[in-house]
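Working notes, beginning with the structure itself.
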Amino acid sequence: MFNKKTLNTLIVSACLCGSGYASADENTNSIVFNVPVQQVYDYVSQPSRWHEWHPVSLGADSSSATPLGVGDHFKEQIRLYGQEIEMDYEVVTARPPYEFKTAFTSSLIDGTIHYQLEEVDGGTRFTRTLNYSIDKYIASLKDGMQEVSGVALNNLKAKLEEQH
């Protein structure tokens with residue numbers, strides 16, 4: 001039912017859950033491109049292109065081949081910790097060519113992705129901030145741990161009783 005990697009993730013996550021680590025988190029990265037700011041904005045504000053550069057993105061259906069605007073909705077399939085998850089997004093900020101922000105929700109994780117772009121020396125400083133809450137993810141793993149524990153006890157019972 002669970003492979004070794006998934007089981008290890010469940011065990012670690014259950015330990016974290018008991019330690020009070022199931023909470024919101026933030027991840028910010030910044031890089032400078034030798035590309036004009038408008039070109040960078042036009043590319044990153046098209047979620048259908050995210051799979052070309054982001055390793056967890058399997059593809060997004062935004063029904064648009066142009067940059068999205070405030071209020072636009074789209075879905076993205078991602079692979080997170082070996083699980084495929086469908087994410088629902090809404091664009092909450094679109095200020096070409098300097099800022100693009102989405103809010104997302106799924107069965108396991110909620111949050112925002114915020115792109116900030118700044119012109120520097122003929123290029124672009126691109127800052128990506130991911131804010132997320134893994135409370136839903138930890139809760140789902142906790143349910144998985146319950147299931148794994150039940151299987152373990154049934155396996156133990158069968159082993160002991162067959163030896164008796």
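The values are calculated or read from the model by the stated rules, or taken from the named source; none is laboratory data. Not measured: the values here are computed from a predicted model. When we count neighbours, we look across all protein chains shown, and the Cβ atoms used for this are built from the backbone with ideal geometry, even at glycine.
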Checklist outcome for this item: The condition from (1) in a strand (DSSP E or B); (2) surrounded by 16 or more Cβ atoms within 10 Å (Cβ to Cβ); (3) of a type outside the set (Asp, Glu) that Leu68 misses is numbered (1)
Checklist entry - Yes or no: Ser62 touching a residue at least 24 places away in the same chain (Cβ under 8 Å), surrounded by 15 or more Cβ atoms within 10 Å (Cβ to Cβ) and of a type in the set (S, T, N, Q)? => result no
Checklist entry - Going by the conditions given, is Thr102 in a strand (DSSP E or B), hydroxyl-bearing (Ser, Thr, Tyr) and surrounded by fewer than 17 Cβ atoms within 10 Å (Cβ to Cβ)? => result no
Checklist entry - Between a first residue in segment 26-40 that is assigned by TED's automatic domain parsing to the domain that holds Asp110 and a second residue that is of a type in the set (A, V, I, L, M, F, W, C) and not in a strand (DSSP E or B), which pairs have beta carbons less than 8 Å apart while being 6 or more apart in sequence or on different chains? => result Phe33/Val40
Checklist entry - Looking at (1) crowded, with 18+ Cβ neighbours inside 10 Å; (2) acidic (Asp, Glu); (3) modelled with pLDDT under 80, which is the one condition that is false for Asp143? => result (1)
